[in-house]
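Student: Next up is a structure, given as structure tokens.
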Amino acid sequence: MTDPTDPTDPTIQSGPQSGPQVVPFEKPVAPATPGPGPRVIAIANQKGGVGKTTTAINLGTALAAIGEHVLIVDLDPQGNASTGLGIQHKERGVSTYDVLAGQAPMRDAVIPTAVPKLHLAPSTMDLSGLELEIGQQRDRAFRLRTALNNINNGSPAFDFTYVLVDCPPSLNLITVNAMAAAHSILVPMQCEFFALEGLSQLLKTVEEVKKNLNPGLSIHGIVMTMYDSRNNLANQVVADVRQFMGKQVYETVIPRNVRISEAPSYGKPVLVYDLKCVGSEAYLRLATEIIQRERALKAG
Ligand SMILES: Nc1ncnc2c1ncn2[C@@H]1O[C@H](COP(=O)(O)OP(=O)(O)OP(=O)(O)O)[C@@H](O)[C@H]1O
Ligand SMILES: [Mg+2]
């Protein structure tokens with residue numbers, strides 16, 4: 001049955017006076033970012049406060065520190081990834097809203113950060129109105145994918161190897177855009193009692209996006225965050241998630257670490273704020289694990 005509120009549904013209803021009109025999605029014509037473009041990883045979980053933005057910022061920084069050229073795309077109207085990377089509101093000239101609304105190319109939104117080899121496409125609150133504005137357009141799910149196509153051809157300075165998309169805490173059209181543009185999804189999950197709650201809904205959305213929009217989409221992995229070894233429950237949660245999701249859960253577990261939570265208020269990734277803390281070490285291990293998984297994927 002058609003659910004008019006489901007952004008992965010290939011049809012939506014509109015025009016109440018003239019009877020329902022079906023506005024189908026465009027069919028995808030090419031695989032996401034073909035050729036030697038960057039690997040696009042969407043960092044998604046509709047649960048709030050599970051560590052999506054922290055992972056986008058610090059995984060991005062760790063990947064850049066080990067030689068990758070990374071673009072973080074802030075797709076959350078809250079703009080936490082932009083703020084956490086020290087990008088003030090007045091510096092957000094062209095935002096991801098402008099890009100997804102079709103008013104500017106992605107290359108115009110991309111700005112350097114204080115971290116070498118790490119760039120950002122910032123977001124603003126405008127993004128919260130996007131769904132209302134483009135919800136009737138046939139290409140509404142492919143705005144990000146189109147914007148990222150040929151991103152490395154924009155200027156000789158652009159040679160991104162990874163694009164990390166920080167999603168909002170919702171399975172809305174913005175998150176669907178991220179999933180339709182991505183090669184894979186990285187799911188941060190907090191080490192707490194309700195960790196698995198909502199996972200089946202997330203996995204269902206991934207399956208819908210695969211079926212309707214992006215057949216090549218896969219789950220890159222699940223990263224357990226805010227782990228506190230003194231808490232027996234946290235150990236049990238990690239064990240349960242590993243049992244349920246198997247090898248999809250990364251070996252690396254991100255500890256609960258006060259340095260990680262302090263760093264954004266200084267507009268810095270934790271690796272810049274305190275390279276030696278356990279949080280920085282964990283994100284460096286995660287980056288190494290991700291690169292290893294990528295190599296294994298490429299090798300088939
Ligand atoms: N490993 C950690 N140790 C300590 N604090 C953390 C850790 N990871 C995240 N936090 C803190 O938890 C809060 C939520 O994290 P974050 O903003 O990354 O989650 P989110 O999933 O992006 O949230 P939202 O759904 O609102 O976008 C933040 O205050 C962040 O600083
Ligand atoms: Mg966030």
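The values are calculated or read from the model by the stated rules, or taken from the named source; none is laboratory data. Quick caveat, the model's predicted, so the values are computed rather than measured. Neighbour counts run over all protein chains shown; Cβ positions are idealised from the backbone, glycine included.
Student: Assess whether Ile151 counts as being within 16 Å of ligand 1 (Cβ to nearest atom), in contact with a helix residue (DSSP H, G or I) (Cβ under 7 Å, 6 or more places away or on another chain) and of a type in the set (Val, Ile, Thr).
Tutor: no
Student: Right, here's the next one. What residue, among those in segment 168-198 that are under 15 Å from Leu213 (Cβ atoms) and in a loop (DSSP other than H, G, I, E, B), is farthest from ligand 2 (Cβ to nearest atom)?
Tutor: Only one residue tops the list, namely His183.
Student: If you don't mind, there's one more thing I want to ask. Would you please name the residue that is nearest to Thr113 (Cα to Cα), looking only at residues in segment 231-286 that are surrounded by 13 or more Cβ atoms within 10 Å (Cβ to Cβ) and basic (Lys, Arg)?
Tutor: Lys268
Student: Next up: Hey, can you tell me all the residues within segment 149-167 that are surrounded by 17 or more Cβ atoms within 10 Å (Cβ to Cβ) and closer than 22 Å to Ile290 by Cβ?
Tutor: Once the filter is applied, which keeps residues that are surrounded by 17 or more Cβ atoms within 10 Å (Cβ to Cβ) and closer than 22 Å to Ile290 by Cβ, segment 149-167 yields Ile151, Asn152, Phe158, Phe160, Thr161, Tyr162, Val163, Leu164, Val165, Asp166, Cys167.
Student: In segment 239-268, which residue that is of a type in the set (A, V, I, L, M) and within 30 Å of Ala181 (Cβ to Cβ) is farthest from ligand 1 (Cβ to nearest atom)?
Tutor: Per the stated criteria, the residue is Met245.
Student: A further question on this structure: Quick check on segment 209-220. Is at least one of its residues at pLDDT 95 or above and within 16 Å of ligand 1 (Cβ to nearest atom)?
Tutor: no
Student: Can you confirm whether segment 81-98 contains a residue that is modelled with pLDDT of 95 or more, surrounded by fewer than 21 Cβ atoms within 10 Å (Cβ to Cβ) and either in contact with a His (Cβ under 6 Å, 6 or more places away or on another chain) or under 26 Å from Arg293 (Cβ atoms) (or both)?
Tutor: no
Student: Condition first: assigned to a helix (DSSP H, G or I) and more than 10 Å from ligand 1 (Cβ to nearest atom). Now tell me which residues in segment 47-73 satisfy that.
Tutor: Answer for segment 47-73, where residues must be assigned to a helix (DSSP H, G or I) and more than 10 Å from ligand 1 (Cβ to nearest atom): Leu59, Gly60, Thr61, Ala62, Leu63, Ala64, Ala65.
Student: While we're here: I need every pair where a residue in segment 161-175 that is farther than 11 Å from Ala42 by Cβ has its Cβ under 9 Å from the Cβ of a residue that is of a type in the set (Lys, Arg) and within 11 Å of ligand 2 (Cβ to nearest atom), sequence separation at least 6 or different chains.
Tutor: Pro168/Lys52; Pro169/Lys47; Pro169/Lys52
Student: Among Leu233, Leu213, Leu202, which is more than 28 Å from Gly67 (Cβ to Cβ), within 16 Å of ligand 2 (Cβ to nearest atom) and either touching a helix residue (DSSP H, G or I) at 6+ places or on another chain (Cβ under 6 Å) or among the aliphatic types (A, V, I, L, M) (or both)?
Tutor: Only one candidate passes the filter, namely Leu202.
Student: Follow-up question, since we're still on this one. Give segment 39-51 a look and list any residue that's within 13 Å of ligand 2 (Cβ to nearest atom) and either in contact with a helix residue (DSSP H, G or I) (Cβ under 8 Å, 6 or more places away or on another chain) or closer than 10 Å to Leu164 by Cβ (or both), or say none.
Tutor: Matches in segment 39-51: Ala42, Ile43, Ala44, Asn45, Gln46.
Student: Next up: Filter segment 81-97 down to the residues that are more than 14 Å from His119 (Cβ to Cβ) and within 11 Å of ligand 2 (Cβ to nearest atom) and list them by number.
Tutor: Thr83, Gly84
Student: Helices (runs of 4 or more DSSP H) wholly in segment 74-160 with at least 2 residues that are more than 18 Å from the chain's Cα centre (by Cα) and of a type in the set (A, V, I, L, M) - which ones?
Tutor: In segment 74-160, the matching helices (runs of 4 or more DSSP H) lie at 130-134.
Student: Follow-up question, since we're still on this one. Identify, please: which residue in segment 66-80 is away from ligand 2 (no atom under 12 Å from the Cβ) and in contact with a Lys or Arg (Cβ under 8 Å, 6 or more places away or on another chain) and is, among those, farthest from Ile111 (Cα to Cα)?
Tutor: By that ranking, first place goes to Gly67.
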